[in-house]
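Colleague: Below is one structure. I have some questions about it.
Taken together, the values in this text are just the output of simple stated rules run on the coordinates, not laboratory data. Keep in mind that what you see is a predicted model, and the values were worked out from it rather than measured. Cβ placement follows ideal geometry from the backbone for every residue including glycine, while neighbour counts extend to all protein chains displayed.
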Amino acid sequence: MKKAILGVIAALFITTTFSSCGYNTMVKLDEDVKTKWNQVETQYQRRSDLIPNLVSTVKGAAKFEQGTLTAVIEARAQASQIKVSADDLTPEKLEKFQAAQGQIGQALGKLMVLTENYPELKATQQFSDLSVQLEGTENRIAVARKDFNDAVQSYNVKVRSFPNNLTAGMFGFKQRAGFKADAGAQNTPKVEF
């Protein structure tokens, strides 16, 4: 009789322990991180898809500085080669991805500054539409990155908190890296004409 009672108590203890171990919550948070990462990639892809149209419009509407156009095209090509799987979001891979996307941002920024010298370009409807779409896409990227960082924070808190850290260690849940500010983002950019 004592063995039966001890067995029931042990079974209840084990059931209670594993039901509150946080495994299912960690799986849910991990999937949320992956979903948010996919949204980040979607917005960067949207920006990448707009670039050829923007470059063509600029080429067609003005005798433009070829070096700037080439820099935009090369930055886009380089960034599109860097793929990061949602299952393998290591800090190193995320940093490479972010650096490549930062190169596109810098090249596009220079392109937009140089368009100020071409009023006839700014007056075309196609350029205006593409500029608005690009600005909207940059805003979407910022929102997607914030959502991703929020999901990473929730996941990391769960994985690092006791007793969940024990479950995380047993099942291979590791901390994830989030986006950081681009290098030099704290400095005011120089605009030269």
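Colleague: On the first, second and third principal axes, largest extent first, how far apart are the outermost C-alpha atoms of the stretch 122-175 in Å?
Modeller: The Cα atoms of the stretch 122-175 stretch 61, 15, 8 Å along the principal axes, largest first.
Colleague: Give me the net charge for the shell around I9: Cβ to Cβ below 13 angstrom, other residues only, Lys and Arg +1, Asp and Glu -1.
Modeller: +2
Colleague: Still on this structure, please answer the following. Among the listed pairs K34/K180; K36/K59; K3/K158; K59/K146; K2/K158; K59/K180, which have their C-alpha atoms separated by more than 28 angstrom in this model?
Modeller: K36/K59; K3/K158; K59/K146; K2/K158; K59/K180
Colleague: Compute, for the stretch 104-159, the length of the dipole vector about the Cα centre, with Cβ point charges of +1 (Lys, Arg) and -1 (Asp, Glu) only. Units Debye, rounded to 20.
Modeller: 280 debye
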